[in-house]
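The values are calculated or read from the model by the stated rules, or taken from the named source; none is laboratory data. Please read all numbers here as calculations on a predicted model, not as lab measurements. Every residue, glycine as well, gets a Cβ built from its backbone with ideal geometry; the counts of neighbours run over all protein chains shown.
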Ligand code: TA6
C-alpha cells in the first residue's frame, strides 16, 4: 500500500502504511503533528491559534528571514519577531516519494511534502518591510525512521539579501525534570536569560531546571539528542548545513504570562530544540545558482546511539 496524502481545511496530512503521520498547516507551513510508532512528538498548546490569526504556539514554526526581534538597524528591522514565514499562508506544491534521503529509501515508507512561499504571496505589509525577491521551498519528509525538514532559500531578485532561518520545534517530553539534552558539550552559547553574554557549556547532558533560552553556536557534533535522565533515549535532532541550535523552555512565570500557552503546566511537557542559522547573517547573492539549503531531521534515536 502507498502513503496517503489528504488536503482539507488548510491542512495537509500524510499517513504511511505503518500508521506514522504528519500534519502541516498551510499557515506558516507549520508542522502541528508528527506521530511515529504511535507517539506524538510535536507539542501544540491547547490555546494555540490554528486559524491564522497568530503564529501557532507549538508545532514547528518556520522562522525566516530573521530570528528573534530583528535588529532595528538591519534590513529586516521592520519585520515582526521571528520574521514573516510562520505567519504567512504557504502554497502546497505537491508530494513525491522522497529521493533516498537519510531517513528512508523512498518508495512506500516515506513521502515528501513540498510547500512554497515567495515575495508574491506574502502580505503587502511584510513585502513593504522587506522588499526583496525571494523564493522558499520547504520540504517535510515523513519516513518510518523519522521526520526531515529542509528549507531551500533562493534569491530571485537583483540584489543580495541577508537572512537567518530556524525551525522552532516544540518536542513533547513526558516530564521536563527528567530530560537531558546531549550533544551540546563544550559549545559556546549565548545565555539570554542570564545576561545575553557568551558562556561555554560544561554539562554533557543539559538539564532544564528553570527558564532556559540559549543559542548554541557552531556546534561541532551534528546530533543533539533529547534523552530522559533515566537514560531512555527520546529523540535525535540532527542538522545538515545549519550551524546553530537554540534551547528554550519558558518555565513557570513566562508560561503563565503567555495566554496562548496552556495549560499552565505546559512547560513540563515540551522542550524547544531548534536548529537554525541564527548567529550572524547568511548573505545570498542574486542569481539562480545561489541558494541556501538547510536540512534538519528528527528521529527516534538510532539504536546504536546511546541515550
Ligand atoms: O526560541 C526562543 C525564543 O526566541 C524565545 O526568546 C521566545 O521569545 C520564543 O522564541 C518564543 O517566541 P514567540 O515569538 O513565538 O513568542
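Looking only at segment 198-213, decide whether some residue is over 30 Å from residue 47 (Cβ atoms), at pLDDT below 90 and surrounded by 14 or more Cβ atoms within 10 Å (Cβ to Cβ). Checked segment 198-213: at least one residue is over 30 Å from residue 47 (Cβ atoms), at pLDDT below 90 and surrounded by 14 or more Cβ atoms within 10 Å (Cβ to Cβ).
Do we have residue 222 as without any contact (Cβ under 8 Å) to a residue 24 or more places away in the chain and under 21 Å from the mean Cα position of the chain (by Cα) here?
yes
In the set (1) within 15 Å of the ligand (Cβ to nearest atom); (2) buried (at least 19 other Cβ atoms within 10 Å of the Cβ), the condition left unmet by residue 41 is number (1). Is there any pair with a first residue in segment 249-275 that is on the phi > 0 side of the Ramachandran plot and modelled with pLDDT of 95 or more and a second that is away from the ligand (no atom under 13 Å from the Cβ) and assigned to a helix (DSSP H, G or I) whose Cβ atoms are under 9 Å apart and which are 6 or more apart or on different chains, and what are they? Partner pairs satisfying both residue conditions: 251/176.
Within segment 66-79, take every residue that is touching a residue at least 12 places away in the same chain (Cβ under 8 Å) and within 15 Å of the ligand (Cβ to nearest atom) and give me the one that is surrounded by the most Cβ atoms within 10 Å (Cβ to Cβ). Here the answer is 66.
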